[in-house]
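No lab work stands behind these numbers, since they all come straight from the coordinates. The model shown is predicted, which means the values in this text are computed figures rather than measured ones. Cβ: placed from backbone, ideal geometry, glycine included. Neighbour counts: every protein chain shown.
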Amino acid sequence: MRKIISILTIALLLMACDEKAEKTDGYVINGTAKGVYNGMRVYLKASDERSSQKAQDTAIVMDEVFKFEGKVDYPQMWYISVSNVNGFVPIMVENETIEVNFNKEVIDNSTVTGTKANEALSKYSKGFKLLLDKRNDISKQFSATMNSTNTESREEISKKLGEVNAELSTYPFKFLKTNSDTYFSLSLIDNILKSNPIEFNEIDEAFAKLDTDIKNSPYGKTVQANLEALKKKNEGLAMLNIGKVAPDFTAPDPDGNQISMHNIRGKATIIDFWASWCGPCRRENPNVVKVYEKFHNKGLEIISVSLDKPGQKDNWLKAIADDKLNWHHVSNLNYFQDPVALQYNIQSIPATYILDAEGKIVAKSLRGQALEDKIAEMLN
């Protein structure tokens, strides 16, 4: 009996050792891919800062199965795709065992299970797809009424379409309110932030309600830093609204002297963002010259901020001379990274800000006759 017990004990120890050997502190993704031929490549991809997907690992399908193993510093949203199959399957990669059933016929019917974050991802995706299907159905109904004389029916369907679009826009935030204990929610917040949202308060509130360990994770700290950056950006943009006093700035003129916008302000002031390489800017310059010549004696001042590139000072100066721009000019010769351009959130040029005598913004992005009419209204 003692010998039998000893043998059983040794067997249990060996089993325990085998289980320990199989355990990993990283992730194991076990995948099935019915109908996918042997030798086909499966890619595990992550998105970079530009939202481009880059392969982190590659597996080969054999007997309709594949496997990934690795380790991540924190749970994060990645994607699985298969050669010659359109689309991809989102997956929350975390250091646990994850099961993937890849459906090559209807990729949206693929499933990812095995962890709390992936269960939340699945729940979110199903809810979102239901709303998309609902919108598609209503859109078909609306299209069918385009040639109908029944305007009442068309308006009713249009109303329903608006309602479902509103549901789609608020769906992420409703989901976040009831799912604060999963890393998928943190990933969702991160993705919303990357889409340049306007719903900052809702995002801030959703992040604040996440479980403490999720917020304090390395990924949580990164998302929090992005939130703070967005908050500062929004505060800066609010200072550029009509009615606000335009932020002052100082920048070098062609001779290297520092010029302050505050010190050259007139009864009306145009801050003109342009560049020598910008065709639309150069075509607009004759109109700006006409406005300046017509209203300078009445109190108009212009300060042009050039977004010319590093090493292109000669191009900048030549354009000033060729276009006869006889007013104040500044530039850091740093393209769209010019500090003044960043301060004024300049995304494209030409761009203008029109200020009154107190330095308040009264109009933005005026060109052609609209610019002349506004200055005339202010100074005549």
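My understanding is that a pair violates if its Cα-Cα distance is over 26 Å; which of 174/364; 116/221; 233/324; 231/360; 194/313 do that in this structure? Table pairs above 26 Å Cα-Cα are 174/364; 233/324; 194/313. Using just its DSSP H runs of length 4 or more, each adding -39500 (n - 2.57), the chain gives a mean residue ellipticity at 222 nm of -14500 deg cm²/dmol after division by all residues.
In this Cβ point-charge picture (+1 for Lys and Arg, -1 for Asp and Glu), segment 249-374 has a dipole of about 260 debye about its Cα centre. For residue 328, list long-range residues whose amide hydrogen, built 1.01 Å from N in the peptide plane, is under 5 Å from its own amide hydrogen. Long-range HN contacts for residue 328: 302, 304. Amide H contacts for residue 249 (H built 1.01 Å from N in the peptide plane; partners 5 or more residues away or on another chain; cut-off under 5 Å): 261, 262. Dividing the mean sequence gap of close Cα pairs (under 8 Å, 6+ apart) by how many residues segment 40-124 holds gives a relative contact order of 21 percent. Applying both filters, DSSP loop and at most 10 other Cβ atoms within 10 Å, to the GluC sites (Glu not before Pro) of segment 59-128 gives 105. Sequentially through segment 120-130, phi angles give Karplus couplings (6.51, -1.76, 1.60; θ = phi - 60°) of 5, 4, 5, 4, 5, 4, 5, x, 5, 5, 4 Hz, Gly and Pro residues having no value and appearing as x. Taken about its Cα centre, the chain carries a charge dipole of roughly 260 debye when the Cβ of each Lys and Arg holds +1 and the Cβ of each Asp and Glu holds -1.
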